[in-house]
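Here is the structure we will look at.
The values are calculated or read from the model by the stated rules, or taken from the named source; none is laboratory data. The model shown is predicted, which means the values in this text are computed figures rather than measured ones. Heads up, the Cβs are rebuilt from the backbone with ideal geometry, glycines too, and the neighbour counts pull from every protein chain shown. Protein only, heavy atoms only, side chains kept; ligands, DNA and RNA dropped before computing areas. Shrake-Rupley method; radii C 1.70, N 1.55, O 1.52, S 1.80 Å.
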Amino acid sequence: MIDILKVIILGIIEGLTEFLPVSSTGHLIIANSFITLEPQAFSNAFNVIIQLGAILAVVYLYFYDINPIAKEKLVPEIGEEKFNSLSFKEKFKYRDMATMRLIAKIIVGFLPAAVFGFLLDDLIDAYLFNTTTVSIALVFYGIVIIIMEKRNKNKVFKYETLDDIGLKTALAIGFFQCLAMVPGTSRSAATIIGAMIVGCSRTSAAKFSFYLAVPTMLGATTLKIIKMGFALSAWQWFLIILGGVVSYIVAIVVIRKFLGYIRQHDFIPFGIYRIILGTLILILGIFNII
């Protein structure tokens, strides 16, 4: 029962923080200082794999946006009767090209993380999964967020919508996403900051970050499962699935609220939060409290 309670708490933390620019992995590492899952290898794998639950929340909420053969997209072009007569494979002949362009951008943006993540995964686990790294990254990128928002105040952005983003811009955002391999950076913070640097509006940056999370975290999860899957017990798999379900439910609520928030507000409060939390964790580490 103690392990179940720990996993529920960690699942809530993951769901709350995955899509906010505050670092879900960093928060989980900090939480692991107080809520321990043993052994450490399982704890590291758990922190990565349960992110799949939060990613599935994106798929659930935005499946229409990334589905090129959605009925609502194709019926106006070919008619409902013909649509209903087509097989799944045949529908792709009439696929929605705007959606296909979005998928292409997501794939291109994912490529840098796919390459560097595969090459550096073991080194990151061995040397960077600690509270010192997390605290420094929290503070540093908290400062970056505040500077970016101050600089971008009243700025007219080049890319107001996702349609405006091209493949080169998507690739550039993908390279920024690689910064998030350092725990405490935040994948969403890296992609949002990177997107705003190359000219994306706050809303388009956040939404592209959501979409980019799907293949990125699916790839990270798959890699971790391949490396650890056969070494995990049935009980450990149960805990991972439970944590994933909890993070999925919480993430659905957070995504909806977050997009509503950023239409009216900037990211400065998140930057301040990061600096306060990172400083606190650094002080606690200095005094060997965590």
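Of note:
- Among the residues of the range 145-156, those that are of a type outside the set (S, T, N, Q) and either in a helix (DSSP H, G or I) or closer than 18 Å to A189 by Cα (or both) comprise I145, I146, I147, M148, E149, K150, R151, K153.
- Number of the exception - F129 against (1) touching a residue at least 40 places away in the same chain (Cβ under 8 Å); (2) open to solvent by less than 70 Å² (accessible area, probe 1.4 Å); (3) more than 19 Å from the chain's Cα centre (by Cα); (4) farther than 19 Å from F176 by Cα: (3)
- In the set (1) out of contact with any Ser or Thr (no Cβ under 6 Å at 6 or more places or on another chain); (2) closer than 21 Å to P269 by Cβ; (3) surrounded by 19 or more Cβ atoms within 10 Å (Cβ to Cβ), A137 fails one condition alone, (1).
- Positions within the range 218-239 being open to solvent by 10 Å² or more (accessible area, probe 1.4 Å), hydrophobic (A, V, I, L, M, F, W, C) and more than 12 Å from the chain's Cα centre (by Cα), in sequence order: L223, I225, I226, M228, F230, A231, L232, A234, W235, W237, F238
- Looking across I29, I78, one residue alone is aliphatic (A, V, I, L, M) and surrounded by 16 or more Cβ atoms within 10 Å (Cβ to Cβ). It is I29.
- Any hit, the range 209-217, residues being under 26 Å from F34 (Cα atoms), open to solvent by less than 10 Å² (accessible area, probe 1.4 Å) and either in contact (Cβ under 8 Å) with a residue 12 or more places away in the chain or polar (S, T, N, Q) (or both): no
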